[in-house]
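The values are calculated or read from the model by the stated rules, or taken from the named source; none is laboratory data. These numbers were taken from a predicted model, which means no experiment stands behind them. Reconstructed Cβ throughout: ideal geometry from the backbone, glycine too, with neighbour counts over all protein chains shown.
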Amino acid sequence: MASLPEKLVFDYSVPQTLLMKISGDWQISQGLLPVSEVTSQLANHPEISQIKVIASQDLKWDSGLISFLFKLIRDFESKSIQITPNGLPQEVQKLLSLALKTRVKNVFPSNTQEPFFEKIGEKILQAIESLRLALDFLGDIALALSRLMAGKSFFRWDNFMTIVQRCGIDTLLLVSLISLLVGMILAFIGSIQLKMFGAQIFISDIVGIAMVRVLSAVMTGIIVSGRIGASFAAELGMMQANEEIDAFKTLGVSPTEFLVIPRILALVLMMPILTIYADLMGVLGGFVISVGMLHLNPIEYLNHTQHAVKLSYVWIGLIHSFVFGVIVAVAGCLRGMQCERNVTGVGLATTSAVVTGITGIVIATAVITWICQMLGV
């Protein structure tokens, strides 16, 4: 039997087991024993593999006791000595268990590298799971749209009009600036080659066809993805983190019908309008450069634009815009609904929504262009 004054009593009577009895005042204000006092007691008993901790009736404690036991368990882990705190009060055991659960392990990354094929397999499994979740989400959207068309679902129209305003009016300034500058850049680039042949008037053809057929829709889609798609993901992600979406499910309200469908409809409605507006601003940018700096005749420039831009090009641009609207809205809502329930998850969901939206826009542009080429449009 060995003891430390008033605080600890050690009993070595059981083979390979140390019975440690804690007594006295273990409050921070009274000062605490260092853990080294306990480890020094075990220096002469290398056979000890387990420590059982019990408490006396006169024990007084606060967080200081928890801190002492936490440090003790951490130090003896490296020595393969198990500490059993079953003899402590229930409150002490609960707090100690909570402290051990929240302890951060492996702060520094391990130097051991994961096998190459294991990495590939993990990435493939993640891609398959992401595809499955995306298909499930698209299925929910299809069901919600069918219920909406049948008059069996609802959402708040005042919220819908607010989303329409955000997708349309609040985005006009940025769309105006980007489309105007893109039209000016196209005019500059076209003039570099065309002036070698004295054919600067065909700048109107280049600007008009490029903007109306593809570029206006693509630039508008990228702008909307960075502005609206990210906001959709952030809003739904915060609602997911605050358990508001769970509250909708508890009340029997479908989050897809109430939150996702209004956002998709609003963006699909406003994207063609924004694209037409971007067409006009792009043509205006080319007009400003051609007339103001290249000194072309404004009437002739407008006539060439009118003859070059066919109605079929306008429809192709509108098809692009419709598809882009669906992609951006679905990407933003999908990432928001899949968001983890913390602040970091909201940030990752927002970033992922933008990346997914822009990637989808590029892929859809290539596919639509290939289809138009096959159809000879």
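A few remarks follow.
- On the stretch given as segment 219-262, residues that are among the charged types (D, E, K, R) and in contact with a Lys or Arg (Cβ under 7 Å, 6 or more places away or on another chain) total 1.
- Listed by position, the helices (runs of 4 or more DSSP H) inside segment 151-246 whose residues that are small (Gly, Ala, Ser) and in contact with a helix residue (DSSP H, G or I) (Cβ under 9 Å, 6 or more places away or on another chain) number at least 2 are 172-194, 203-210, 216-224, 230-241.
- Subset of segment 62-78 (residues that are polar (S, T, N, Q) and either assigned to a helix (DSSP H, G or I) or touching a residue at least 24 places away in the same chain (Cβ under 8 Å) (or both)): Ser63, Ser67
- Any hit, segment 332-344, residues being buried (at least 17 other Cβ atoms within 10 Å of the Cβ), assigned by TED's automatic domain parsing to the domain that holds Ile222 and within 26 Å of Leu177 (Cα to Cα): yes
- Residues (under 30 Å from His307 (Cα atoms), more than 22 Å from the chain's Cα centre (by Cα) and of a type in the set (A, V, I, L, M, F, W, C)) located in segment 203-254: Ile203, Ile206, Val207, Ile209, Ala210, Met211, Val212, Val214, Leu215, Ala217, Val218, Met219
- Some residue of segment 283-297 being part of a helix (DSSP H, G or I), aromatic (Phe, Trp, Tyr) and farther than 23 Å from Gly198 by Cβ: no
- Candidate set from segment 67-92 (those that are farther than 15 Å from Ser23 by Cβ and among the aromatic types (Phe, Trp, Tyr)); member that is nearest to the chain's Cα centre (by Cα): Phe70
- All positions within segment 41-56 that are surrounded by fewer than 13 Cβ atoms within 10 Å (Cβ to Cβ) and either under 51 Å from the mean Cα position of the chain (by Cα) or hydrophobic (A, V, I, L, M, F, W, C) (or both): Ala43
- Of all the residues in segment 196-218, those that are surrounded by fewer than 16 Cβ atoms within 10 Å (Cβ to Cβ) and either acidic (Asp, Glu) or touching a residue at least 24 places away in the same chain (Cβ under 8 Å) (or both) number 1.
- When we screen Leu19, Leu8, Leu59 for residues that are in contact with a Pro (Cβ under 9 Å, 6 or more places away or on another chain) and crowded, with 17+ Cβ neighbours inside 10 Å, the only hit is Leu59.
- When we screen Gly360, Gly347, Gly332 for residues that are free of Cβ contacts under 8 Å to residues at least 40 places away in the same chain, over 30 Å from Ala199 (Cα atoms) and under 11 Å from the mean Cα position of the chain (by Cα), the only hit is Gly347.
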